[in-house]
1. Would you mind putting 64-72, 111-119 in packing order, based on average other-beta-carbon counts within 10 Å, highest first?
2. Given axes a ≥ b ≥ c from the Cα gyration tensor, I'd like to know whether the range 113-268 is rounded (a/c under 1.5), prolate (a/b larger than b/c) or oblate.
3. Listed highest first by mean packing, meaning other Cβ atoms within 10 Å per residue, what order do 131-140, 95-104, 26-35 come in?
4. From the helices alone, meaning DSSP H stretches of at least four residues, give me the mean residue ellipticity at 222 nm for the chain, per-run term -39500 (n - 2.57), in deg cm²/dmol to the nearest 500.
5. Going 7 Å from the Cα of E132 along its beta-carbon direction, which residues of the range 215-242 have the amide nitrogen within less than 11 Å of the resulting point?
6. Give me the distance in nm between label points sitting 7 Å out from Cα along the Cα-to-Cβ direction at E77 and L166, one decimal.
7. Can you run phi through the Karplus equation (6.51, -1.76, 1.60; θ = phi - 60°) for the range 137-152 and list ³J(HN,Hα) in whole Hz, with x for Gly and Pro?
8. For mean projected area of the Cα convex hull in nm², one of (1) 21.6; (2) 13.0; (3) 17.2 was computed from the structure I shared and the rest are decoys. Which label?
Amino acid sequence: MKFYISVDWEGISGVVSWEIQDDIKSPFYMETRRRMTKEVNSAVEGLFDGGASYVLVNDSHGNMTNLLIDDLDPRAELIMGSPKPFSMVEGLTSDFNGVLLLGYHPSAGTYHGIMDHTYSGSSIYEIRVNGEPYSEGDLNGSFAGSLGVPVVLVSGDKSAVDSLMLKFMGSLGVVTKVALGRTTARLYHPTKIYEELRKKAKEAAKNTTNLKPFYPDSPITIEVDFITTQKADMASILPEAERIGPRTVKIVSPDMQTAFRRMLVLIR
């Protein structure tokens, strides 16, 4: 069995601040990279304990060079660097049995959601798919579903996990923290998170056949609300884009794969 891990950063245990913990000059930067790598390793170990034969990990935060490859479980392969044609789901194909979304966060505007944003906190307020607001996890998991691959496990702050488990019914969840504000949270100890990730990943690997992949109906309409009109000015240059509001651009695509790539162009 083959499994795919997309790992973000904001939902990793102990993370509450971009300014303090996601700055290469900060003394806390390496600590966060180590915990991120340990959480991935815990999931990889659980997957192999549950019968996995192959695991592909995609570093999916920021410049996507966060994981410490020397410390990564050698049974896993790693995709690192940016830009990638499919960003946070680069390398995912229809022959995988399940997807894990680790270290994820809620969408922009979530009340009590740690570091809430949607793909680009400096550019975007909301992304809607067929009229429904989608988080990063919703978008990435729906892309997986359009390939016939279910989301089997999600981890991150409670608001993100609760939302993703509602979208991807049957998936398992690991809560790493409970947000008290955008950059404040009640934290669970990393060692407890590592153990729960191992346990839940093993369980997920054994139960993929019972999960139904989720994806939105085609054609796919994506609407992006930008933070400023200037960003919408730029995005509307794309030939397929339709300006439907001062800060809103819409694109209609025949399928989720096409919609996803066009969305990435809008964001960039």
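What follows is calculated from the coordinates using simple rules that are stated; it is not laboratory data. From a predicted model like this one, the values you see are computed outputs, not experimental measurements. Methodologically, a virtual Cβ is constructed for each residue, glycine included, from the backbone with ideal geometry; neighbour enumeration extends over all protein chains shown.
1. Working: 64-72: 15.8, 111-119: 21.1.
So the order, starting with the most tightly packed, is 111-119, 64-72.
2. Working: a/c = 3.13, a/b = 1.49, b/c = 2.09.
The shape class here is oblate.
3. Numbers: 131-140: 21.2, 95-104: 24.9, 26-35: 15.2.
Ranked from most to least packed, the peptides come out as 95-104, 131-140, 26-35.
4. Details: 7 runs with 81 residues, N = 268.
Using -39500 (n - 2.57) per qualifying helix, the result is -9500 deg cm²/dmol.
5. 215-217
6. Once both label points are built, they end up 3.7 nm from each other.
7. Per residue, the Karplus-derived 3J(HN,Hα) values read x, 4, 5, 5, x, 6, 4, 4, x, 5, 8, x, 10, x, 7, 9 Hz.
8. (2)
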